[in-house]
Each structure stands twice: as C-alpha cells, then as structure tokens.
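Student: For reference, the structure I am asking about is given below.
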Amino acid sequence: MIDAPDRMPLAREFFDRPVLEVAPDLLGRTLVRRTPDGPIEVRLTEVEAYAGEADPGSHAYRGRTQRNASMFGPPGHAYVYFIYGMWFSLNLVCGPEGTASGVLLRGAEVTKGADLARERRPKARKDRELAQGPARLATALDIDRTLNGIDICAGPEAPLSVLFGTPVPASRIRSGPRTGVGGEGAAHPWRFWADGDPTVSPYRAHVPRHRGKQE
C-alpha cells in the first residue's frame, strides 16, 4: 500500500540543510509520537532555530558537552533537554554532522490522539492549549530524556518521526525574535510561526534569571 503524499516521512536529506532553511520548512509538517498507549500526531505551527557555536542563544555556543552532544548530529535526530528543573523540550537536529544546530518545537495543533494528550495535560482549558509552547508540547507528547539522540528518520516503528504534512505557504510564515532569548542572541529573528494560528504561543521577551535561557 502506497502512503498518501502527506503521510510520507521526511528523509534525512530534509534535515541535512542549514537550520534557517529547515526551521520555517517544518511549519505544517506532521510530528508523530508513538507511545505504548497509542500514537499522537501534531501539526507544527511554531518553531525556533538555533545555530550552535555561531549563536549566543544556543546550548552549543561554547562547544560540545555531554548534555548537548546530540546537537552535533547526525541530522534527523532528536535533542531533548531538561530546563528550569521542571520541563523537557524537544529539538530536531539539522545541518551537517559535527556542526551543532537544531530547531526547537514551540507549538503545534494536536490532530490525532487528543485524548492521550489531554490525559497528560489536564490543566489545558482548550485543545488549542495542549501543545502551545515547548514545555506543553513535550508534556502532551510524553517527551523525556530517554528520547534524546533517537533517529527520527529510522522508519515507521520509531518513537518519533516527521511526515510531509501540509507545509504552510511562505505568505503565511512570520518571523521575529526568539522567546526569552537575551544578550547577543536576542536580535536574531529566528522564531517562525504560522500567522493567525491559535496554537502559536504568545511572545515573551527575555527576563534575566539566575540561570540564563538557552534554547
């Protein structure tokens, strides 16, 4: 049986490109999370690009560490980190192996498995809030550090994969500063979102903390 075009998985070549090409091109794609309780699918509506050692806002700005090693590739893998001692966030690694870059998934519409997402996000007042923001997205999809470094191009049995979906037209893509990024990285307009989509999270400027914000 041949999959419909929108159900075709994105190949590794999709991710083996500069992060500023991959990030807006992910809008409208379908992220599939396969869990023991069943699959959850979301349509991506908001992302942020992080350019590794060239980007003061990136975890990899000061080079490779045990924590950020997954960001250095190969492309088409997941980078999952724990932030503020409370939340996980999911990034998709892109660019050539050895050059750290990734796309933070910030917002999405749950299109399949909403009941499972609601169980994980009982405080969501409306379905549009289920995956509105990176921590909410990761919680709704049951993302944790056990998924760090997994191959999202490994095939239909992988815990995570990205399907072709319905790409957002360029005329509807907007860009601006990344949420919560301060310092030299604050000026980069590397947050991309689908204009007018209710699942896009509100923009928040950087507020200094004891521990600096990173993607």
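Student: Working only within the stretch 129-167, note down all residues that are among the β-branched types (Val, Ile, Thr), closer than 21 Å to ALA114 by Cβ and touching a strand residue (DSSP E or B) at 6+ places or on another chain (Cβ under 7 Å).
Tutor: Within the stretch 129-167, ILE143, VAL162 qualify.
Student: Suppose the filter is of a type in the set (Asp, Glu) and outside any strand (DSSP E or B); does GLU48 pass it?
Tutor: Taking the combined requirement at face value, the residue does not satisfy it.
Student: The conditions are (1) over 30 Å from ASP127 (Cα atoms); (2) open to solvent by 10 Å² or more (accessible area, probe 1.4 Å); (3) part of a loop (DSSP other than H, G, I, E, B); (4) of a type outside the set (Ser, Thr, Tyr), and GLU13 fails exactly one of them. Which is it?
Tutor: Unmet condition: (3).
Student: From (1) more than 13 Å from LEU44 (Cβ to Cβ); (2) in contact with an Asp or Glu (Cβ under 8 Å, 6 or more places away or on another chain); (3) buried (at least 18 other Cβ atoms within 10 Å of the Cβ), pick out the condition that doesn't hold for PHE192.
Tutor: For PHE192, the failing item is (1).
Student: Could you look through the stretch 18-42, keep only residues that are touching a residue at least 40 places away in the same chain (Cβ under 8 Å) and open to solvent by 60 Å² or more (accessible area, probe 1.4 Å), and pick out the one that is farthest from the chain's Cα centre (by Cα)?
Tutor: ASP37
Student: Another one. Which ones in the stretch 174-201 are assigned to a strand (DSSP E or B) and either basic (Lys, Arg) or within 16 Å of the chain's Cα centre (by Cα) (or both)?
Tutor: ARG174, SER175, ARG191, PHE192, TRP193, ALA194
Student: Same structure again: Out of the stretch 123-152, which residues are buried (at least 17 other Cβ atoms within 10 Å of the Cβ), outside any helix (DSSP H, G or I) and of a type in the set (Gly, Ala, Ser)?
Tutor: Across the stretch 123-152, the qualifying residues are ALA124, ALA131, GLY133.
Student: Right, next: Tally up the residues in the stretch 128-168 that are under 14 Å from TYR79 (Cα atoms) and among the basic types (Lys, Arg), please.
Tutor: Total satisfying the criteria: 1.
Student: Which one of these does SER161 not meet: (1) under 19 Å from THR179 (Cβ atoms); (2) touching a Cys at 6+ places or on another chain (Cβ under 8 Å); (3) surrounded by fewer than 24 Cβ atoms within 10 Å (Cβ to Cβ)?
Tutor: SER161 satisfies every listed condition except (1).
Student: While we're looking at this one, here's another question. Exactly one condition in (1) under 20 Å from ARG67 (Cα atoms); (2) of a type in the set (Val, Ile, Thr); (3) touching an Asp or Glu at 6+ places or on another chain (Cβ under 8 Å); (4) at pLDDT 95 or above is not met by THR166; state its number.
Tutor: Unmet for THR166, out of (1) under 20 Å from ARG67 (Cα atoms); (2) of a type in the set (Val, Ile, Thr); (3) touching an Asp or Glu at 6+ places or on another chain (Cβ under 8 Å); (4) at pLDDT 95 or above: (1).
Student: Here is a follow-up. Within the stretch 153-167, track down each residue that is out of contact with any Lys or Arg (no Cβ under 6 Å at 6 or more places or on another chain), on the phi < 0 side of the Ramachandran plot and part of a loop (DSSP other than H, G, I, E, B).
Tutor: ALA154, PRO156, GLU157, ALA158, PHE164, THR166, PRO167
Student: Please go through the stretch 47-75 and pick out each residue that is acidic (Asp, Glu) and within 25 Å of ALA194 (Cα to Cα).
Tutor: GLU48, ASP55
The values are calculated or read from the model by the stated rules, or taken from the named source; none is laboratory data. It should be emphasised that the depicted structure is a prediction, and the values quoted were computed from it without experimental measurement. Ideal geometry is used to build each Cβ from the backbone, glycine not excepted, and the neighbour counts take in all protein chains shown. For the accessible areas, the whole protein counts, side chains as well, though only heavy atoms, and no ligand, DNA or RNA atoms are used. Shrake-Rupley method; radii C 1.70, N 1.55, O 1.52, S 1.80 Å.
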